[in-house]
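A.B. asks: Okay, handing you the structure first.
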Amino acid sequence: MGALKNGRVRNVIELLTAAQMRATEASAMASGAVTGLELMERAGRGVVDRLHAQWPEMAAGSLVALVFCGPGNNGGDGFVIARLLRDAGWAVDVVFCGDADRMSADARANLDRWGGPILNLGEVAGRDIACDLVVDALFGTGLTRPVDPTILSVLADQVGRGGQRPPWVVSVDIASGLDADSGRALGDPARAVVADLTVTFHRPKLGHVLAEGPVHSGWVEVVDIGLSRTPEAVCAVTLEPADRTALGKGIASHKFGHGHALVLSGGVGRGGAARLAARGALRIGAGLVTVGCPPAALMEAASRLDAVMVRKVEDATALADWLATDDRITAICVGPGFGTSEREASVLRTILAGDGTRPAFGGRVVLDADALTLLARDETLFALLHDRCLLTPHGGEFARLFPDLAQQETAKALTGPAYSKVDATREAARRAGCTVLYKGPDTVIASPDGQCQVHAAVGARAAPWLATAGSGDVLAGFAVGLMARGFDPMQAARCASYLHTDCARHFGPGLIAEDLPEALPAVLRSIGL
């Protein structure tokens, strides 16, 4: 799995589309700040520097590299890399998959500067060329159609030589065969290059962190090639200074100053998920947390909770009466272990629309699990969503809520830019009129106004232990706790996602959902709180 790393302290990490990257390069060249040849030289030198940093033993030279160069500017970068490795004492073979007469002037200039022998695909196919490094400079971020499978097969054959230590694989900009905007393989996913290291330029691309991108990219390094900042980029989730400040509590704070979160629970034997959410809400700093449950489940809930309060909520009328007489509840979580009967639908309707005599709940609402099922079943409920709501679906729930968007996202990608998880989440947020946190290792968060952030729990932030029952309930609890404290849905979703992953990484193997809230204090201390 890959990781993003660029060595500079930044409040946000911008994730670009291929079009944004092309526009940034074109703007820099049009201004006269840099030429295309200079960009290729910087890119090639950056790749060589990064592979030496990744594998210091390679800095000694006297090794063998096989460099696959494509017909475009990615291939031009490859010729720079081949020349620099040769100048450092490497034995270098170049395989050119293209027509030199159709190359751009800059790429052709670097082919000419290489000046060494060039092999064609037929000369390599079926041969066993012993090498220490394979460089994939075939097709970069501009790829819009499946790669000729013969080309990828020849490269794969050189990487997978039986009985010998396989060479390291470095992809230039993005693994060939991947769509840079979606992380999806164009054509057959099995044929896209699987790199140990991907060196990209200026900013990481969406395709490095979405869908299959992390699996194919390996470790992702970002090289600064002297371009200016690109506006309107999708951002990777980080904890920004404002988030850290907001997560803290003042010395003289009163519990009611940090909000009251209500988590609605299901009946007897179905309250565990709500209790997990409640514990998460309390640990993340909500001043008070109450679990509201049917009368028959009251004893069960009370026997399992201490600092979390318990109150019976018999039906929608009882909830409406409570909300009408207690204005201290600032956020509600509905869904974990909640149920999907008509009773639960009526409760959800009361929260979103009121009961005809009393208004809807005026605070913020997290909708997860069973609440999402109710929304998917009933268009009139879905129509009641508003901008104070946060939806937290996993893939299956997203498909029930937005079947057409899920179909586009998962259909086989044949052309680029392919429909991505970012595209799907943005459209879902627009339709719902509220913030959507589409869960997964490549979590995407979008608000109705088009803001979008990606939380990629991959590489150095990988947390495979989150694949355990109940972890999503704790995430919902983190979110409702933050929203009870006054965080808006987008900020709450961003912080909850980040801290949720950090808790899993802090605890490590053996994690179960109950461990996540208990890991949070150490995580908060680690960020200076």
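A.B. asks: Compute the long axis of helix 421-432 from its Cα atoms, compare it with the longest principal axis of the Cα atoms of the chain, and write down the angle in degrees, 0 to 90, nearest 10.
C.D. replies: 30
A.B. asks: Okay, next question. What is the set of long-range amide H partners of ALA195 at a cut-off below 5 Å, with H atoms built 1.01 Å from backbone N?
C.D. replies: Here the answer is SER217, GLY218, since their amide H atoms fall under 5 Å of that of ALA195.
A.B. asks: If you plug each phi of region 85-91 into the Karplus form 6.51 cos²θ - 1.76 cosθ + 1.60 with θ = phi - 60°, what whole-Hz ³J(HN,Hα) values come out, in order, with x for Gly and Pro?
C.D. replies: 5, 4, 5, 8, x, 7, 8
A.B. asks: Considering the alpha-carbon set of region 145-282 alone, what are its Rg and its Dmax in angstrom?
C.D. replies: Looking at region 145-282, its Cα Rg and Dmax stand at 23.3, 69 Å.
A.B. asks: Give the long-range amide H neighbours of ILE332: residues separated by 5 or more places, or on another chain, with amide H under 5 Å away, using H modelled in the peptide plane at 1.01 Å from N.
C.D. replies: Result for ILE332 returns LEU262, ARG364, VAL365, VAL366.
A.B. asks: For region 325-369, state which trypsin sites (Lys or Arg not before Pro) are in a DSSP loop and have at most 14 other beta carbons lying within 10 Å of their beta carbon.
C.D. replies: Sparse-neighbourhood loop trypsin sites (Lys or Arg not before Pro): ARG328.
A.B. asks: Over the Cα atoms of the chain, Rg to Rh with Kirkwood Rh, two decimal places?
C.D. replies: Radius of gyration relative to Kirkwood radius: 1.06.
A.B. asks: A further question follows. Can you tell me the Rg and Dmax of region 280-350, counting just the alpha carbons, in angstroms?
C.D. replies: My reading of the Cα-based Rg and Dmax gives 12.3, 33 Å.
A.B. asks: Further question on the same structure: Based on the mean of other Cβ atoms within 10 Å per residue, sort peptides 17-27, 386-396 so the most packed one is first.
C.D. replies: My ranking of the peptides, most packed first, is 386-396, 17-27.
A.B. asks: For region 449-516, what is Rg from Cα atoms divided by 2.2 N^0.38 Å, rounded to two decimals?
C.D. replies: 1.13
A.B. asks: Packing-wise, with mean Cβ within 10 Å as the measure, how do 471-483, 195-207 rank, highest first?
C.D. replies: Sorting 471-483, 195-207 by mean packing, highest first, produces 471-483, 195-207.
A.B. asks: In addition: In square angstrom, what is the accessible area per residue of the chain with a 1.4 angstrom probe?
C.D. replies: That works out to 39 Å² for each residue.
A.B. asks: Also, I was wondering about something else. Quickly estimate the mean residue ellipticity at 222 nm for the chain, helices only: each DSSP H run with n ≥ 4 gives -39500 (n - 2.57), and the total goes over all residues, rounded to 500.
C.D. replies: It comes out at -12000 deg cm²/dmol, rounded to the nearest 500.
A.B. asks: Take the solvent-accessible surface of the protein heavy atoms, probe 1.4 Å, and return the percent of it on region 1-159 that carbon and sulfur atoms account for. Intermediate values should be presented prior to the final figure.
C.D. replies: Values: 3580 of 6970 Å².
Summing carbon and sulfur atoms, their accessible area is 51 percent of the total for region 1-159.
A.B. asks: Suppose we look only past 15 Å in the calculated P(r) of region 161-233. What percent of the Cα-Cα pairs does that tail hold?
C.D. replies: Summing the P(r) tail past 15 Å for region 161-233 gives 54 percent.
A.B. asks: Could you tell me the largest-minus-smallest coordinate of the C-alpha atoms of region 109-207 on each of the three principal axes, in descending order and whole angstroms?
C.D. replies: Projected onto the principal axes, the Cα atoms of region 109-207 cover 35, 34, 23 Å.
A.B. asks: Is the shape of region 405-479 rounded, prolate or oblate, going by the alpha carbon gyration tensor and its root eigenvalues a ≥ b ≥ c, with a/c under 1.5 for rounded and a/b larger than b/c for prolate?
C.D. replies: It comes out oblate by the Cα gyration axes.
A.B. asks: Could you size up the charge dipole of region 222-330 around its Cα centre, putting +1 on the beta carbon of Lys and Arg and -1 on that of Asp and Glu, and report it in debye to the nearest 20?
C.D. replies: In debye, rounded to 20, region 222-330 gives about 400.
A.B. asks: Something else about it: How far is it, in nm, from the label point at THR144 to the one at ARG102 when both lie 7 Å from their Cα along the line to the Cβ?
C.D. replies: 1.4
A.B. asks: How high is the relative contact order of the chain, given as a whole-number percent (alpha carbon pairs under 8 Å, six or more residues apart)?
C.D. replies: Dividing the mean separation by the residue count of the chain yields 14 percent.
A.B. asks: Students sometimes get this wrong: rank SER265, SER153, SER228 by accessible area, probe 1.4 Å, all chains present, largest first.
C.D. replies: Details: SER265 5, SER153 40, SER228 80 Å².
Listed by decreasing accessible area, they come as SER228, SER153, SER265.
A.B. asks: When the accessible area of region 271-357 is split by element with a 1.4 Å probe, what percent falls to carbon and sulfur?
C.D. replies: On the way: 1740 of 3520 Å².
Carbon and sulfur: 49 percent of the exposed surface of region 271-357.
A.B. asks: Let me ask something else about it. Relative to the first principal axis of the alpha-carbon coordinates of the chain, what is the inclination of helix 342-353, with its axis defined by its Cα atoms, in degrees from 0 to 90 and to the nearest 10?
C.D. replies: Long axis of 342-353 versus the principal axis of the chain: about 80 degrees.
A.B. asks: Looking at the square roots a ≥ b ≥ c of the eigenvalues of the Cα gyration tensor of region 205-289, which shape do they give, rounded for a/c under 1.5, prolate if a/b is larger than b/c, or oblate?
C.D. replies: Details: a/c = 3.90, a/b = 1.68, b/c = 2.31.
It is oblate, given that a/c is not under 1.5 and a/b is not larger than b/c.
A.B. asks: Compute the Cα gyration tensor for region 78-151, then decide on rounded, prolate or oblate, letting a ≥ b ≥ c be the square roots of its eigenvalues: rounded whenever a/c is under 1.5, prolate when a/b is larger than b/c in the other cases, and oblate in all that remain.
C.D. replies: oblate
A.B. asks: Further, regarding this structure: Once phi is turned into θ = phi - 60°, what whole-Hz ³J(HN,Hα) does the Karplus curve with 6.51, -1.76 and 1.60 give for every residue of region 92-106, x standing for Gly and Pro?
C.D. replies: So the J values, rounded to whole Hz, are 10, 10, 10, 10, 9, 10, x, 10, 4, 6, 10, 6, 5, 4, 5.
A.B. asks: Quickly rank 453-460, 58-65 as a protection proxy: mean count of other C-beta atoms within 10 Å, highest first.
C.D. replies: Numbers: 453-460: 22.8, 58-65: 15.5.
Highest-to-lowest ranking by the protection proxy: 453-460, 58-65.
A.B. asks: May I ask for log10 I(q)/I(0) of region 347-399 at q = 0.15, 0.17, 0.30, 0.31 Å⁻¹, from a Debye sum over the Cα atoms as equal point scatterers with solvent left out?
C.D. replies: -0.39, -0.50, -1.32, -1.37
The values are calculated or read from the model by the stated rules, or taken from the named source; none is laboratory data. Just so it is clear, the structure is predicted and the values come from calculations on it, not from any experiment. All Cβ positions, glycine included, derive from the backbone under ideal geometry; neighbour counts span all protein chains shown. Heavy atoms of the whole protein, side chains included, go into the accessibility calculation; ligands, DNA and RNA do not. Shrake-Rupley method; radii C 1.70, N 1.55, O 1.52, S 1.80 Å.
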